[in-house]
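Engineer: Got a structure here, written out as structure tokens. Questions coming.
The values are calculated or read from the model by the stated rules, or taken from the named source; none is laboratory data. Keep in mind that this is a model prediction, so the values were computed, not measured. Glycine gets a Cβ as well: all are built from the backbone with ideal geometry, and neighbour counts include every protein chain shown. Areas reflect the complete protein model, heavy atoms only, side chains present, ligands, DNA and RNA absent. Shrake-Rupley method; radii C 1.70, N 1.55, O 1.52, S 1.80 Å.
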Amino acid sequence: MIELKNICKNYPGHEGALKDVSFTVKDGEIFGIIGQSGAGKSTLIRCVNMLEPPTSGEVIINGRDMTRLSSSGLREERKHIGMIFQHFNLLSNSTVYKNVAFPLELAGIPKKEQKERIDSILNLVGLTDYADKYPAQLSGGQKQRVGIARAIVSNPSVLLSDEATSALDPETVKSILHLLKDINRKLKLTIILITHQMEVIKEIADRVAVIENGRIIEQGSVVDLFTSPQTETAKKFIGSVISNDIPEAIAHMDIKKTKTAPDDTIVMRLSFRGEVADEPIVASLIRTYNLNVSILYGNIDYIQNTPFGKLIVTLDGHDSNLTAALRHLQELPIESEVIGYVSSHLGSASEKLG
């Protein structure tokens, strides 16, 4: 387990690079830290392995406070922490095999044991046939696979990823994320990854913390973040993957913020997740409250096999039935929001389900 308690980091002339940062990462978890450039992500992850000692606070890994260790004790603990970087940091004059062997040579591991470990790791990352190649002969994705192999060849219990996918094209990003997830599962590695890409968080993280101006402003499960973001920063990140705006396809309906005529139709956004996605919510509104319901827009997506999605619907019916239906929606384990009103003839322009 990794625990950061009240971490602060100050630099000369730059107070508050990190401000009272606290979070816990469970064993075997993939924990994401997302933020814009300059938010403090890289400083934070370097505090975890004490490349940047915090000004105050505690960094506890497997029960040991890294901030209290001697230099020799810190060197010993770092053997259990691997790290991969955005720009690979490979030795250009060494082969793939030699790059992966480098940390083992520093640790004085016998050559025979080195070969066994390296062969196994190169097979795991899909580079067995590239052992004798040089970095200049590799693609960006292959270079990052070498970086990952080098980071895990010493059998660490923790892997830190510092923007490891941001220099790669989208297809290569997917393959690297698939590899990291595979490594997490097979080697039981705890992974902390920092990124400014919400797609990365959505794809592989179990939980996530949002950092802004050196502070953690929101943290929780990835499903919670996507379905119920609490801060504007989180909403903006999610908007880069899943827009919460009115879709262009229905923007022509001139949705008004307030009701201007007695027969105006309510426009609602319904957000749902998990098993609720399989519930016949629309059909229930029609049957129970005798409403006319039109689906204007809908989409569904998945976060690690958990479905989540949104519907934009119009509701039309007697006022008493509408009031009861709105109350019913608020009691369900979904997010419901009245986003405006449209004239009744526009609300009936789409296919009626009632």
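Engineer: Taking the Cα centre of the chain as origin, work out the dipole magnitude from +1 charges on Lys and Arg Cβ and -1 charges on Asp and Glu Cβ, in debye rounded to 20.
Structural biologist: Working: 39 positive and 43 negative charges, 259 e Å.
The dipole of the chain has a size of about 1240 debye.
Engineer: Enter the accessible area per residue of the chain (Å², integer; probe 1.4 Å; all protein chains in place). Please report the intermediate quantities before stating the final value.
Structural biologist: Working: 17580 Å² over 354 residues.
Accessible area per residue, the chain: 50 Å².
Engineer: Using only the Cα atoms of the chain, what are the Rg and Dmax in Å?
Structural biologist: Expressed in Å, the Cα Rg and Dmax of the chain come to 25.5, 83.
Engineer: So, one more: Please report the carbon-and-sulfur percent of the accessible area for the chain; probe 1.4 Å, protein heavy atoms only, DNA, RNA and ligands left out.
Structural biologist: On the way: 8330 of 17580 Å².
For the chain, the apolar C and S fraction of the accessible surface comes to 47 percent.
Engineer: Just how far, in whole angstrom, is the range 265-337 from the range 1-79 if you go by their alpha carbon centroids?
Structural biologist: Spelled out, the Cα-based centre of one part sits 43 Å from the other.
Engineer: Now a separate question. Taking just the alpha-carbon atoms of the range 1-122, what radius of gyration and Dmax come out, in angstrom?
Structural biologist: 16.8, 50
Engineer: Would you list which lysines come within 26 Å of K174, measuring only between C-alpha atoms, while excluding same-chain residues fewer than 8 positions from it?
Structural biologist: Once the sequence-local lysines are set aside, what remains near K174 is K26, K41, K133, K143, K186, K188, K202, K235, K236, K310.
Engineer: For the range 14-29, what does the Karplus curve 6.51 cos²θ - 1.76 cosθ + 1.60, with θ = phi - 60°, yield as ³J(HN,Hα) per residue in whole Hz, taken in order and with x for Gly and Pro?
Structural biologist: 9, 6, x, 4, 10, 10, 6, 8, 9, 6, 10, 10, 6, 4, x, 8
Engineer: Per Stokes-Einstein, at 10 °C and 1.306 mPa s, what whole-number D in µm² s⁻¹ belongs to the range 65-161, with the Kirkwood radius over Cα pairs as the hydrodynamic radius?
Structural biologist: Working: Rh = 13.8 Å.
Translational D for this selection: 115 µm²/s.
Engineer: Would you grab the residues whose amide H sits under 5 Å from the one on N49? Only those 5+ places off in sequence or on another chain, please, with H modelled 1.01 Å from N.
Structural biologist: Amide H neighbours of N49: none.
Engineer: Sticking with this one: On the principal axes of its Cα set, how long, how wide and how thick is the range 1-57? Give whole Å, largest value first.
Structural biologist: Here the Cα extents, ordered largest to smallest, are 38, 24, 18 Å.
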